[in-house]
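Down below is the structure, laid out as structure tokens.
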Amino acid sequence: MIETYFWWQSGSIYHIYPRSFMDSNGDGVGDLAGIIERLDYVDWLGVDAVWISPIFPSPMADFGYDVSDYTAIHPLFGSLHDFDRLVAAAHKRRLKIILDFVPNHTSQLHPWFVESRSSCANARRNWYIWCDPAPGGGPPNNWLSVFGGSAWEWDEATGQYYYHAYLKEQPDLNWRNPEVQEAMFDVMRFWLERGVAGFRVDALRQLIKDEQLRDNPPNPAYRPDQGPYHSLLPIYTTDRPEVLEIVAMMRRVIDSYAERVLIGELYLPIERLVAYYGSDGTGCHLPFNFHLILTPWDARRIAALIDAYEAALPAHGWPNWVLSNHDNPRIASRVGPAQARVAAMLLLTLRGTPTIYYGDEIGMHDVSIPPELAQDPWEKNVPGLGLGRDPERTPMQWDTGPNAGFTAGTPWLPLAAGYPTVNVATEREDPTSMLALYRRLIMLRRAEPALSVGSYRPAGVSGDVLAYLREHEGRRFLVALNLSHAPQQFAPGGLRLHGRAALSTFLDREGEHVSDSLVLRGDEGLIVALD
Ligand code: GLC
């Protein structure tokens, strides 16, 4: 039987944070014309799809995750015409465009909310979550905002509170209201008609809140350094059973177009994450798996994570892996530059769709932002705990020129000081660079279906080496990753090791004959094509 795979199964996704990718007009903020200018680079890298964080009109209280018009483009990023040009330019290169869909909340300046807050009798009042004060006064219950403080905001004019899972400038829509559902499905159709390949759905776990508004219980494992939101367990505000009913409706919209993808942003433990695959055809194609971001960098812990995830997947569930994103410290900062190469090999040889965060492919690390230059509202609301996300959102480093070739103006966030060596132009010339490694990994993955769609079998952990086998139609690969800085010897149990090195993270062992046991240098990962 010949199995066929969808592009979103065999391909890889590249995540662009548009404010920081490429500025074409010198205002210091990236834009759509900038992305178009750099599309040849994205194509050269070898990825299949680009997911772009929000580009819609927004007062930018949360840098675009507060949308004031779902069917237009923020002038800062360009126009609908630029968007159409981007889709056409992408399609010419056989690249797909995935948009960010932000259904949980709008901006407080969205006309729907402006109407909703105008009076208790307004026809859109019930489009948001309004509530009377508690009997003794004050907020209706103890629910907290992810970004700090109560999740309820008092509205003096109408004498009620409204609910916001994030900033008070981001009121939550009432997804129990069928009118809201239809309006938002229309938004999806608007972009699907314009040729987008699907959506990454923001804050999906937040969509439905407990109808009885029960208090969230205290979190017994709370550590203050996690931020005040974690003092409670958000069991009545997130991952409610009815969220899956909404996902099924979104999936029906997606499935009325050919070959589109529904990706869910879901910070959930594995057993709950996999519930979002739904029963066959009713869930997300890819509930984003963030566990590589959350798991300590240790061979045993990572092996246990992969096993737990593979075991929990439903039969129809296609795996996926994410190494970094715009909300978390970059991989190079989490594990250091040497291990970031090993992490790249892990990401691009695991079974399932990989998502690459822009800049990780050149080894960008977090940039510490002085308080006076802080932009992220989370940092401003809850300062000093390192919760702010500016460090992982700094401008892409293109070349050795001023501002790394990102902008001719003043960049909205400072550039990393190391950009004269860590940049695309320099690394393209260096056959051993991080960029060279990423490209080789992506190309190898494209050429060898065993590495993308092939079966996965653990090959054990020995010392700090994590190893596994990938196999497809007779092609077999062993991947052995040394997660430490010290050399390690590795002999897989129960496997005749005989083959040739296909790729080392040092890019220097290709073709080397391998038999019986492997010696890995510190910080080395190796892909062996088995005979
Ligand atoms: C998601 C986004 C994050 C945003 C939040 C509120 O977690 O990834 O950047 O701040 O939702 O929309």
With +1 on the Cβ of every Lys and Arg and -1 on the Cβ of every Asp and Glu, the dipole magnitude of region 248-364 about its Cα centre, in debye rounded to the nearest 20, is 140 debye
Simple spin-label estimate for ALA183/SER119, 7 Å along Cα→Cβ, in nm, reads 1.8 nm
Residue-normalised value, i.e. accessible area per residue, for region 455-530 at 1.4 Å probe, in Å², stands at 42 Å²
As a Kirkwood estimate from alpha-carbon pairs, region 455-530 has a hydrodynamic radius in angstrom of 12.1 Å
Restricting to Cα pairs under 8 Å and 6 or more apart, the percent relative contact order of the chain works out to 13 percent
As straight-line cross-link partners of LYS168, the qualifying lysines (C-alpha separation under 20 Å, not fewer than 8 residues apart within one chain) are LYS209, LYS380
Computed from the beta carbon distance with a Förster radius of 22 Å, FRET efficiency for TRP7 and ALA491 to the nearest 0.05 stands at 0.05
Descending accessible area (1.4 Å probe), largest on the left, turns LEU292, LEU232 into LEU232, LEU292
Full extension between TYR41 and ARG223 adds, at 0.36 nm per residue less the Cα distance, a length in nm of 61.2 nm
Quick note, region 489-531: a/c under 1.5 would make it rounded; otherwise a/b > b/c is prolate and the rest oblate (a ≥ b ≥ c, C-alpha gyration tensor); here it is oblate
With the label point 7 Å along the Cα-to-beta-carbon line of GLU271 and a cut-off under 18 Å to each amide N, the hits in region 297-334 are 304-315
A chain fully extended from ARG446 to HIS81 at 0.36 nm per residue, minus the present Cα-Cα distance, gains in nm 128.2 nm
From most to least accessible, 1.4 Å probe, no ligand or DNA/RNA atoms counted, GLU524, GLU245 line up as GLU245, GLU524
Taking every DSSP bridge whose two residues both lie in the chain, the antiparallel percent to the nearest 5 is 65 percent
With N residues in region 1-145, Rg(alpha-carbon) / (2.2 N^0.38 Å) equals 1.37
Region 198-279: relative contact order from alpha carbon pairs under 8 Å, six or more residues apart, as a whole percent, is 42 percent
Sorted by accessible surface (1.4 Å probe, heavy atoms of the protein chains only), largest first, ARG93, ARG330 come out as ARG93, ARG330
Length-normalised contact order of region 111-163, Cα under 8 Å, at least 6 apart, in percent, tallies to 31 percent
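The values are calculated or read from the model by the stated rules, or taken from the named source; none is laboratory data. Predicted model only: the values in this text are computed from it and were never measured. For neighbour counting, all protein chains shown are included, and Cβ atoms are generated from backbone atoms with ideal geometry for every residue, glycine included. With ligands, DNA and RNA removed, areas are computed over all heavy atoms of the protein, side chains included. Shrake-Rupley method; radii C 1.70, N 1.55, O 1.52, S 1.80 Å.
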